[in-house]
Amino acid sequence: MSAGAWRELDLLVRRRESLGLARPQPIPVRTLLTRGTLIGGLFPLLVLLACLVLLLQDRLLARQEKQLKPAAARYDMVQQRLTDLVEQMDALRTRNRSIAAAMADVRSSSALVGELTQLLPSEMVLERFQVEGSRLSVDGTVLQPNGLRTINAFLLQLAQSSLFDPKKVQLEKAEVNATSGDLASVMRFSLNAAFRGDAAVLTRPRLDLLGASGLATRMRFLESEQLLP
């Protein structure tokens, strides 16, 4: 068989004739190479184009980031200033409320003196009263023979006051001291009472009646400034 004769060899000729099929035409090698080259080169070209697009996009984003950096820095600075300002305002508001609460405190004001004066029975004398934190301590004397009854009445009056916690008004001690050369005697007593947590709020409408006009004026001013609950 001569060189290249195998190309003319057709073993399936009768099979095609029985099926009515035409003999396939051979495709030139150059055409196959051209097709293979085009198909094989298309994928790398697409990959290269994608890389170019990504590179251009990355450079564009980097340029935009560089342009936005000063604005972002200014925004962060302004945001930090606003945060600091809010914190300062909160601290100032808290301090003002603390000052206002101290100014409105009825425990060490003329309102307390006015309340004790109004509640004190005529048979009783207060020798000492002292405010220690949230408690009032009282020492005094009361005339006999009804001293204990008078003290109990005073305790009830304190328990009904807007200044004191009714559950924490209590008598500490009471003892009789006879006066020498006289049938009369006096009873000495000590008591303590805890202030209500909302004493300032409950007593506010009564300040003028208690003779605490200055405190009442301060309270009205603090209320107008919304510094009191």
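Here the extension length gained between GLU87 and LEU148 equals 16.3 nm, from 0.36 nm per residue of separation less the Cα-Cα distance. From the Cα gyration tensor of segment 116-175, with a ≥ b ≥ c the square roots of its eigenvalues, which class applies: rounded if a/c is under 1.5, or else prolate if a/b is larger than b/c, or else oblate? Since a/c reaches 1.5 and a/b is larger than b/c, the shape of segment 116-175 is classed as prolate.
Subtracting the Cα-Cα distance of GLN170 and GLN79 from 0.36 nm times their residue separation leaves 27.1 nm of extension gain.
Counted residue by residue at 0.36 nm each, then reduced by the alpha carbon distance between them, the extension gain from SER137 to PHE43 reaches 24.2 nm. The order of PHE195, PHE43, PHE129, going from fewest to most other C-beta atoms within 10 Å of their C-beta, is PHE43, PHE129, PHE195.
For segment 162-176, the residues whose backbone nitrogen is under 12 Å from a point 7 Å from the Cα of LEU119, taken along Cα to Cβ, are 162-171.
FYI, it's all coordinate maths here, none of it is from the lab. From a predicted model like this one, the values you see are computed outputs, not experimental measurements. No Cβ is skipped: glycine too gets one built from the backbone with ideal geometry, and neighbour counts run over all protein chains shown.
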